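Chemist: Please read through the structure below; I'll follow up with questions.
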Amino acid sequence: MKTDINATSATTSWPGLIEAYKNWLPVTDNTPVITLQEGGTPLIPINSIGNRIGKKVKVYAKYDGLNPTGSFKDRGMTMAISKAKEEGCEAVICASTGNTSASAAAYARRAGMRAYVLIPDGYVAQGKLAQALVYGAEVLAIKGNFDRALNIVQEIASKYPVTLVNSVNPYRLQGQKTASFEIIETLGEAPDWLCIPMGNAGNISAYWMGFKEYYKSKKSKKLPQMMGFQASGSAPLVIGKVIDNPQTIATAIRIGNPVNREKALIAKKESNGAFLDVTDKEIIEAYKLLGKEEGIFCEPASAASVAGLLKRKNEIQNGATIVCVLTGNGLKDPDCAINNNDASFSSGLEPEIQTIAQRMGL
Ligand code: AN7
């Protein structure tokens with residue numbers, strides 16, 4: 001049973017996920033914890049999505065866009081950077097479609113390290129680029145896509161004294177698995193379905209690890225089916241082969257050669273889950289629904305989880321509990337928002353009561 005939480009403790013007591021879950025993470029008393037108090041994100045009912053499915057399902061959004069840099073990457077980065085610091089490292093490097101670079105920069109700089117980030121020139125959303133710059137990263141934009149950038153940083157990290165903080169770094173997934181713990185603690189049980197967007201497929205692998213660990217420790221009685229979604233123009237895990245030139249409006253998951261492919265396929269198999277693609281149109285549809293019917297602004301890649309759920313609604317059992325992971329904040333990609341909404345926007349109006357009232361239809 002939970003005891004009453006007063007407002008002061010509710011706003012000050014969350015210590016960040018390493019402190020909250022230290023018994024489940026590869027840290028010791030000697031690990032310098034680099035934290036921005038990430039994790040502990042809300043699980044929000046999204047009834048308008050549930051109503052579209054019917055069958056008395058309960059649908060929740062795990063809104064990880066409320067992490068300190070606005071994406072789930074902070075869960076992995078607090079671990080990766082704390083361990084890098086413990087090992088005496090002075091610089092980190094990553095390839096990124098945007099969110100990893102923002103998170104790596106924030107945590108690395110907080111730890112007093114240099115952060116080198118390689119990004120695909122012209123394909124990183126404005127908010128993410130702004131963050132990497134403000135957090136003081138050394139931003140290297142290449143004439144190539146994410147997959148090429150990842151090859152380069154892997155090579156560099158193997159030759160030079162810089163630590164790689166992409167999701168091939170095992171500490172990343174350790175940190176990210178804590179989202180599953182939080183979901184089980186909030187619901188009192190694992191959900192039936194976990195819907196999640198996939199790019200490099202690190203996050204789905206991390207969630208599966210978390211669900212299995214809590215299940216083995218009897219903190220839950222069931223395991224969810226892992227439902228992974230990719231954008232149609234960028235769906236190597238759905239079609240089963242590498243894509244040389246991935247394309248999608250959801251630039252976060254514009255990835256053609258996922259490094260965590262094997263782990264993700266195991267998660268799918270073990271959980272009796274499924275992978276499916278959703279078109280950019282379906283992604284934007286879900287993105288707009290979340291905004292205008294639920295008041296939740298996520299980035300387009302995140303909306304793929306809800307788009308996927310709606311696409312598979314015929315396969316859902318009556319009474320099921322479903323969690324959709326909203327991996328990133330909508331503010332990350334203002335261009336997408338401004339170009340894709342159903343709002344009425346009148347600009348250049350005369351600052352007069354009559355004009356305004358008329359426009360309001362009064
Ligand atoms: C919002 O930042 O790969 O399947 O370089 O930013 O674990 O790769 C981002 C990925 C989903 C996919 N949603 O997660 C990067 C990067 C958002 C993301 C994904 C990403 P993975």
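Chemist: Mind checking which lysines have their Cα closer than 21 Å to the Cα of Lys143? Skip sequence neighbours fewer than 8 apart in that chain.
Modeler: Partners within reach: Lys128.
Chemist: Right, here's the next one. Once you've got the Cα coordinates, tell me which of Lys241/Lys263; Lys73/Lys332; Lys22/Lys73; Lys241/Lys281 are over 20 Å apart.
Modeler: Long pairs (Cα-Cα over 20 Å): Lys241/Lys281.
Chemist: In debye, nearest 20: dipole of region 80-227 around its Cα centre with unit charges on the Cβ of K, R (+) and D, E (-)?
Modeler: Numbers: 17 positive and 12 negative charges, 50 e Å.
Dipole about the Cα centre, nearest 20: 240 debye.
Chemist: Between rounded, prolate and oblate, where does the chain land on the alpha carbon gyration tensor, with a ≥ b ≥ c its root eigenvalues, rounded for a/c under 1.5, else prolate if a/b exceeds b/c?
Modeler: Note, shape of the chain comes out rounded.
Chemist: Treating the beta-carbon of each Lys and Arg as +1 and of each Asp and Glu as -1, no other charges, what is the dipole magnitude of region 222-362 about its Cα centre, to the nearest 20 debye?
Modeler: Approximately 680 debye in magnitude.
Chemist: Quick check: residue separation of Glu90 and Asn245 times 0.36 nm, minus the Cα distance between them. What number comes out in nm?
Modeler: Length difference between fully extended and current span is 52.4 nm.
Chemist: Continuing with the same structure: Along the positive direction of the dipole of region 87-228 (beta-carbon charges: Lys, Arg +1; Asp, Glu -1; about the Cα centre), which of Ala102, Tyr116, Leu173 reaches farthest?
Modeler: Leu173
Chemist: Can you find, among Ser305, Ser346, Asn318, the residue farthest towards the positive end of the dipole of region 264-352? Put +1 on the C-beta of Lys and Arg, -1 on that of Asp and Glu.
Modeler: Farthest along the dipole direction, towards plus: Asn318.
Chemist: Moving to a separate point now. How much net charge surrounds Asp121 when only other residues with a Cβ under 12 Å from its Cβ are counted (Lys, Arg +1; Asp, Glu -1)? Write down the numbers at each step before the final one.
Modeler: On the way: positive: Lys143, Arg148; negative: none.
Neighbour charge sum, excluding Asp121 itself: +2.
Chemist: If one computes the Cα centroid of region 15-75 and of region 132-147, what distance in Å separates the two points?
Modeler: 26 Å
Chemist: While we're looking at this one, here's another question. Please arrange Leu187, Leu223, Leu17 by counting, for each residue, the other beta carbons lying within 10 Å of its beta carbon, fewest first.
Modeler: Taking fewest neighbouring Cβ atoms as first place, the list is Leu187, Leu223, Leu17.
Chemist: Next question, about the same structure. By counting other Cβ atoms within 10 Å of each Cβ, how are Leu36, Leu118 ranked from fewest to most?
Modeler: Fewest-to-most Cβ neighbours within 10 Å comes out as Leu36, Leu118.
Chemist: Sort Met209, Met113 so that the residue with the fewest other Cβ atoms within 10 Å of its own Cβ comes first and the one with the most comes last.
Modeler: Ordered by Cβ neighbours within 10 Å, fewest first: Met209, Met113.
Chemist: Under 5 Å between amide H atoms, partner at least 5 residues away or on a different chain: which partners does Ala141 have, H built in plane at 1.01 Å?
Modeler: It is Ile119, by chain and number.
Chemist: Also, I was wondering about something else. Nearest 500 deg cm²/dmol is fine: what mean residue ellipticity at 222 nm does the chain get from its DSSP H runs of n ≥ 4 alone, each adding -39,500 (n - 2.57), divided by its residue count?
Modeler: For the chain, the value works out to -12000 deg cm²/dmol.
Chemist: Specify whether the C-alpha gyration tensor of region 189-325 places it in the rounded, prolate or oblate class, a ≥ b ≥ c being the square roots of the eigenvalues: rounded for a/c under 1.5, otherwise prolate if a/b is larger than b/c and oblate if not.
Modeler: It comes out oblate by the Cα gyration axes.
Chemist: Just name one of Tyr215, Gln230, Cys336: the one whose Cα is farthest towards the positive end of the charge dipole of the chain (beta-carbon charges, Lys/Arg +1, Asp/Glu -1).
Modeler: Of the options given, the answer is Tyr215.
Chemist: Now for a different question. Mind checking the full-extension length gain between Glu213 and Lys143? Use 0.36 nm per residue of separation minus the Cα-Cα distance, one decimal, nm.
Modeler: 21.1 nm
Chemist: Alpha carbon centre of region 174-247 versus region 320-362: separation in Å?
Modeler: So the two Cα centres are separated by 31 Å.
Chemist: Between Asp342 and Glu315, what is the spin-label point distance in nm, taking each point 7 Å from the Cα along the Cα→C-beta axis?
Modeler: Output for this residue pair reads 2.7 nm.
Chemist: Sticking with this structure for a sec: Please give the net charge around Val134, taking every other residue with its beta carbon less than 14 angstrom from that of Val134, where Lys and Arg add +1 and Asp and Glu add -1.
Modeler: Net of charged neighbours comes to +3.
Chemist: What GluC sites (Glu not before Pro) does region 207-290 have in DSSP loop regions with at most 10 other beta carbons within 10 Å?
Modeler: Listed in order of number, the matching sites amount to none.
Chemist: So if I place +1 on the C-beta of Lys and Arg and -1 on the C-beta of Asp and Glu, and nothing else carries charge, what would the dipole magnitude of the chain be about its Cα centre? I want it in debye, nearest 20.
Modeler: On the way: 40 positive and 34 negative charges, 214 e Å.
Result for the chain is approximately 1020 debye, rounded to the nearest 20.
Chemist: DSSP beta bridges in the chain, what fraction antiparallel, as a percent rounded to 5? Before the final figure, lay out the partial values.
Modeler: Values: 5 of 36 bridges.
Of those bridges, close to 15 percent are antiparallel.
Chemist: Cα atoms only, region 104-263: Rg and Dmax in Å?
Modeler: 17.1, 49
Every read-out reported here was derived from the displayed coordinates using simple, explicitly stated rules and does not represent laboratory data. In this text the structure is predicted, and so the values were computed from the model without any measurement. Cβ: placed from backbone, ideal geometry, glycine included. Neighbour counts: every protein chain shown.
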